[in-house]
Amino acid sequence: MITEGTAMADMEQRERARLFEGLNPQPGDSLLAIIGMVRRDPRPDKIDLGVGVYRDAAGNTPILRAVKKAERILNETQETKAYLGGEGDVRFVELMKDMVFGAGASSDPRIVGLQTPGGCGALRLGAELIRTANPNARIFVGQPTWPNHVPLIGSAGVGLVEHPYYDCEGRRVLFDEMMAALETARAGDLVLLHGCCHNPAGADLNADQWQAVADLVARRGLIPFIDMAYQGLGHGLEEDAAGARLVIAAADQALVAHSNDKNFGVYRDRVGSLHVKAADESQAQTVYSNLMVIARTIWSMPPDHGAAVVRIILDTPELAADWHAELAEMCARIRSLRARIAGFDPRLAYINEQNGMFSILPIGGAAVADLREKEGIYMANSGRFNVAGLSDDNVERFARAVVARLPENL
Ligand code: LMR
């Protein structure tokens, strides 16, 4: 006999069964999809220029010497795996403050920071902090940008205003257009800036342009939100931070999402930090307490291994010196690859003026697909390619294949 009680229970059971019927299938992340496509391609001479991972002259992504040594030290000396707490590795965060803001910043009481799971964690934590502090604040985001910026920051519920930054076909920064857009921002709005090595364009602001942005930020009361994921891979650690530091100095509040995944080559260990400069020490402490609460609700505590390795390297003079040397080698190799590609055709000359791992080829989606199918050369659909993914053996084949697909009248 069916009673009212069993009918209700049946209905509840069906409701539960239907939970996932509310989901729609999603397209995978377009950048991460390239990893799988390359893996499935059986051609031995395929070239993977998709996700931003540094490769050496032989095409390998080895673990840096200093990282290997620091991992051994960590393995031998670590006595516990007990929790470190929500702030993560406090000494690591101190070291990162000096790396980001310049020597001595770790003793500035207006700057607070927290270890995060990679640069993504830092961006998300920053966006959550902004929404908590001021739900009406908007973040100005130049286009094109890293494809995950808008989903990652936007899903924290902050309003985003997109504006021009780079002309892919004209191969130049749209500086006037960007400044005109920023003139429409309200005091308290944020400006998302790529600290160096713009992803995807490779086109950074020059010193005068950084200064002009700093002046505008100060005049209009805007707040810089800087994404610095490639420090040291453009021209050097200090040089790459110079523009961002100008803008930060001009503002009494700023956020910096920092990553060590690339400059220490510890990609899968997800090593990042978020730093916030507040108007004074007491406000900085309030910000810090909010960061701790927000982080607790998302990931609770960050993973330790990669940050501990970075800390050991920077606190051990021989390892630090070796890391600086390897970083300089990576940086020089990227610069020499840029120069070689640029030398193949005047229409590619712009690549030598740009910085970091990425540049965008002005060839369009059909040519990107053609390169993939006919040549086994993989890059993002936007034409973004990872310069640092080329090896000494394949750079010429790559450049010739690209030149054959460049529009005549560029
Ligand atoms: C990239 O842009 O290729 C890297 O930042 C990896 C990623 O997470 O997208």
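Throughout, read-outs are computed from the coordinates displayed, never taken from laboratory work. Everything numeric in this text was worked out from a predicted model, so none of it was measured. Cβ coordinates were reconstructed from backbone atoms using ideal geometry, including for glycine residues, and neighbour counts include every protein chain displayed.
Here are the numbers:
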read-out	value
Residue ranges of strands (runs of 3 or more DSSP E) in segment 141-235 with at least 1 members buried (at least 20 other Cβ atoms within 10 Å of the Cβ)	190-194, 223-228
Among the residues listed as Gly28, Gly50, the single one being under 20 Å from Asn381 (Cα atoms), exposed (fewer than 13 other Cβ atoms within 10 Å of the Cβ) and within 16 Å of the ligand (Cβ to nearest atom)	Gly28
Residues satisfying the stated conditions in segment 353-387, i.e. more than 16 Å from the ligand (Cβ to nearest atom), within 19 Å of Gly170 (Cα to Cα) and aliphatic (A, V, I, L, M)	Ile363, Ala366, Ala367
Members of segment 269-282 that are free of Cβ contacts under 8 Å to residues at least 60 places away in the same chain and surrounded by fewer than 17 Cβ atoms within 10 Å (Cβ to Cβ)	Ser282
Among the residues listed as Gly142, Gly59, Gly154, Gly159, the single one being within 29 Å of Glu318 (Cα to Cα) and of a type outside the set (Lys, Arg)	Gly59
Inter-residue pairs, beta-carbon under 8 Å, first on the phi > 0 side of the Ramachandran plot and in segment 348-376, second among the polar types (S, T, N, Q) and within 16 Å of the ligand (Cβ to nearest atom), 6+ apart	Gly356/Asn199
Residues located in segment 388-410, provided they are within 16 Å of the ligand (Cβ to nearest atom) and either of a type in the set (D, E, K, R) or part of a helix (DSSP H, G or I) (or both)	Ala388, Gly389
Gln115 being in contact with a Pro (Cβ under 7 Å, 6 or more places away or on another chain) and buried (at least 22 other Cβ atoms within 10 Å of the Cβ)	yes
Selection within segment 108-133 - within 13 Å of the ligand (Cβ to nearest atom) and touching a strand residue (DSSP E or B) at 6+ places or on another chain (Cβ under 6 Å)	Gly118, Gly119, Gly121, Ala122, Leu123
Boolean, Ser289 is on the phi > 0 side of the Ramachandran plot and away from the ligand (no atom under 16 Å from the Cβ)	no
